[in-house]
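**Student:** Got a structure for you, written out below as structure tokens; questions coming shortly.
The values are calculated or read from the model by the stated rules, or taken from the named source; none is laboratory data. Computed from a prediction, not measured in an experiment: that's the story for all the values here. Note: ideal-geometry Cβ built from the backbone for every residue, glycine included; neighbour counts use all protein chains shown.
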Amino acid sequence: MLVILSTTNLGAQQKRQILNLPNYDRQIVHFGFILGVNTFNFTAKPIEDIRILDSLMSVTPQRASGFSLGIVSNLHLGDNLDFRFLPTLSFGERSLVYQIKNLAADSIYERTKPVESTLLEFPLQLKFKSQRHGNYRAYVLGGFKPTIDLASQDKVDSRGEKLLKLKRNDYHYEIGMGFDFYSQYFKFSPEIKLAFGMRNLMIPEGNIYTSGVEKLTSRAIYLSFTFE
């Protein structure tokens, strides 16, 4: 009986020691693709004294979800460090909710201005990896990301219509974490990232929707799944 248990235990240990893709991380360059979901939002800084605008009471950002598709280009810099370029197309929406006072009726109503975005993103990241343990390893990442909003209305002639226009180009810094899981044929990596815009996106239009906001910056959360 002891012999059988010892043999079974030895076999289990040998099975656990089998590494999938043992030489994968020694490749200088490798590629993959990204599938993910996102949540876009704003950070809005109202003007110093919003009360000077008699009818505008408050401005509140509202988040919404979307999805992302991208390509992974990975450059091996060392056992625990990679450089990554991940051109990505992200679709999403966010809104600004305005509390406006109707002076004539002495009542308050709410107006929501949705902003649809189709972002062409160019993240440049450094990926810091832990030592590999069996068929997985953890990592953290940080980087810089220029973006172009293909759905921006910055050049649209409003012709008297009260539009909420945003600038087409933005720049973000990103931080995140994830795990690499090595299967028999590919590496699968779930990760979560936070992105913070650095540019004031608001285009002053002289209407109630832009006059009350001094600074409007972008932020986003990404839950991504990479296959490499």
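**Student:** On the given criteria, is Arg84 at pLDDT 95 or above and either under 30 Å from Lys101 (Cα atoms) or basic (Lys, Arg) (or both)? Before you say what the answer is, go through the steps one by one.
**Tutor:** Numbers: at pLDDT 95 or above: yes; either under 30 Å from Lys101 (Cα atoms) or basic (Lys, Arg) (or both): yes.
Answer is yes for this residue.
**Student:** While we're on this one: Test of understanding: among Val115, Val156, Val140, which residue is over 30 Å from His30 (Cα atoms) and free of Cβ contacts under 8 Å to residues at least 40 places away in the same chain?
**Tutor:** When all the criteria are applied, what remains is Val156.
**Student:** Determine which single condition Leu194 fails, assuming it passes every other condition in (1) within 17 Å of Gly70 (Cα to Cα); (2) in contact (Cβ under 8 Å) with a residue 40 or more places away in the chain.
**Tutor:** Unmet for Leu194, out of (1) within 17 Å of Gly70 (Cα to Cα); (2) in contact (Cβ under 8 Å) with a residue 40 or more places away in the chain: (2).
**Student:** While we're on this one: I want to confirm something. Restricting to the range 143-183 and keeping residues that are of a type in the set (Gly, Ala, Ser) and loosely packed, with under 14 Cβ neighbours inside 10 Å, which single residue is modelled with the lowest pLDDT?
**Tutor:** In this case the residue turns out to be Gly160.
**Student:** Based on what the data block shows, is Leu35 touching a Phe, Trp or Tyr at 6+ places or on another chain (Cβ under 6 Å) and either in a strand (DSSP E or B) or closer than 20 Å to Leu163 by Cβ (or both)? Break it down into steps so the answer makes sense when it comes.
**Tutor:** Values: touching a Phe, Trp or Tyr at 6+ places or on another chain (Cβ under 6 Å): yes; either in a strand (DSSP E or B) or closer than 20 Å to Leu163 by Cβ (or both): yes.
Spelling it out, Leu35 is indeed touching a Phe, Trp or Tyr at 6+ places or on another chain (Cβ under 6 Å) and either in a strand (DSSP E or B) or closer than 20 Å to Leu163 by Cβ (or both).
**Student:** Identify, please: which residue in the range 208-219 is surrounded by 15 or more Cβ atoms within 10 Å (Cβ to Cβ) and outside any helix (DSSP H, G or I) and is, among those, modelled with the lowest pLDDT?
**Tutor:** Only one residue tops the list, namely Gly212.
**Student:** Scanning for something surrounded by 13 or more Cβ atoms within 10 Å (Cβ to Cβ), over 26 Å from Gly78 (Cβ atoms) and charged (D, E, K, R), does the range 189-202 turn up at least one residue?
**Tutor:** yes
**Student:** Right, next: Taking the residues in the range 99-142 that are among the aliphatic types (A, V, I, L, M) and more than 22 Å from the chain's Cα centre (by Cα) as candidates, determine which candidate is surrounded by the most Cβ atoms within 10 Å (Cβ to Cβ).
**Tutor:** Result: Ile100.
**Student:** Shifting gears a bit: So is Ser73 at pLDDT 95 or above, among the hydroxyl-bearing types (Ser, Thr, Tyr), touching a strand residue (DSSP E or B) at 6+ places or on another chain (Cβ under 8 Å) and in a strand (DSSP E or B) or not?
**Tutor:** yes
**Student:** Name the residues in the range 143-202 that are of a type in the set (Ser, Thr, Tyr) and farther than 16 Å from Phe85 by Cα, would you?
**Tutor:** Passing the criteria: Ser152, Ser158, Tyr182, Ser183, Tyr185.
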